[in-house]
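Trainee: Structure below; questions to follow.
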Amino acid sequence: MATILFIVYYSMYGHVEKLAREMQKGAASIEGVEVKLWQVVETLPAEILAKMGAPPKGNAPIIAPDDLVEADGFAFGFPTRFGMMPAQFKAFFDATGAIWKNQQLAGKPAGIFYSTGSQGGGQETTALTAITQLVHHGMIFVPIGYTFGVDMFDMEDIKGGSPYGAGTFAGDGSKQPTEVELEQAYYQGQYIATITKKLKGSSA
């Protein structure tokens with residue numbers, strides 16, 4: 001039976017979606033892992049999004065809280081809002097009360113990835129503050145540490161990401177994920193898929 005990994009994201013300007021799609025490729029490269037890409041529902045009205053210059057959403061299906069139960073592991077991605085996940089993703093987690101009550105996600109691994117507007121804008125705190133959502137569900141937080149390798153120590157180029165997970169800098173919205181940032185997202189997909197597969201195998 002295949003290991004099922006859900007990559008669930010919210011993306012206003014497309015940066016997190018690009019990381020998510022690269023992560024999907026990485027996870028799908030692990031034999032025996034089935035990857036599903038989802039996005040959470042938008043809570044802002046269309047007229048507000050238009051004023052903010054947000055492009056149309058991608059074609060990933062909208063996830064419902066109950067859908068989470070089907071997965072063996074997760075990667076959750078979102079941009080930062082003042083160092084934390086945005087209201088759209090928090091609203092999604094706030095709607096998971098029924099599966100929280102029954103602890104249906106307990107013991108399942110989950111990674112986090114993110115986008116921030118600046119170098120001091122929450123590359124670590126966005127992930128750190130999101131861990132509370134995983135803890136209350138009994139999920140196992142899976143950081144990548146420094147396993148991505150030497151690029152995590154490079155001081156010459158501006159790049160997102162941290163031991164918590166893959167990341168990118170959006171700047172004013174015009175800056176796109178770099179090659180290294182996309183490579184890290186691909187790697188994290190492989191990493192969380194491999195760990196999810198191992199945990200599922202050990203509990204079989």
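The values are calculated or read from the model by the stated rules, or taken from the named source; none is laboratory data. Quick caveat, the model's predicted, so the values are computed rather than measured. Cβ sites come from the backbone with ideal geometry, for glycine too, and all protein chains shown count toward neighbours. In case anyone asks, the SASA skips ligands and DNA or RNA and just uses the protein heavy atoms, side chains included. Shrake-Rupley method; radii C 1.70, N 1.55, O 1.52, S 1.80 Å.
Trainee: Mind checking whether some residue in segment 98-106 is modelled with pLDDT of 95 or more, farther than 23 Å from MET52 by Cβ and touching an Asp or Glu at 6+ places or on another chain (Cβ under 8 Å)?
Mentor: Yes: one or more hits.
Trainee: Being open to solvent by 50 Å² or more (accessible area, probe 1.4 Å), within 21 Å of GLU17 (Cβ to Cβ) and of a type outside the set (Phe, Trp, Tyr) is the filter here; which residues of segment 147-171 pass it?
Mentor: Result: ILE158, single match.
Trainee: Under 19 Å from PHE6 (Cβ atoms), touching a residue at least 12 places away in the same chain (Cβ under 8 Å), assigned to a helix (DSSP H, G or I) and under 13 Å from the mean Cα position of the chain (by Cα): does that describe ALA127?
Mentor: So ALA127 fits the description; yes.
Trainee: Considering each residue of segment 87-124, count those that are part of a helix (DSSP H, G or I), of a type in the set (A, V, I, L, M, F, W, C) and open to solvent by less than 60 Å² (accessible area, probe 1.4 Å), and give that number.
Mentor: The qualifying residues number 5.
Trainee: Now a separate question. If I filter segment 66-86 down to residues being assigned to a helix (DSSP H, G or I) and under 23 Å from PRO143 (Cα atoms), which single residue comes out as least open to solvent (accessible area, probe 1.4 Å)?
Mentor: If we take residues in segment 66-86 being assigned to a helix (DSSP H, G or I) and under 23 Å from PRO143 (Cα atoms), then LEU68 is least open to solvent (accessible area, probe 1.4 Å).
Trainee: A further question on this structure: Hey, among the residues in segment 47-65 that are open to solvent by less than 40 Å² (accessible area, probe 1.4 Å) and out of contact with any Asp or Glu (no Cβ under 6 Å at 6 or more places or on another chain), which one's modelled with the lowest pLDDT?
Mentor: This residue is ALA54.
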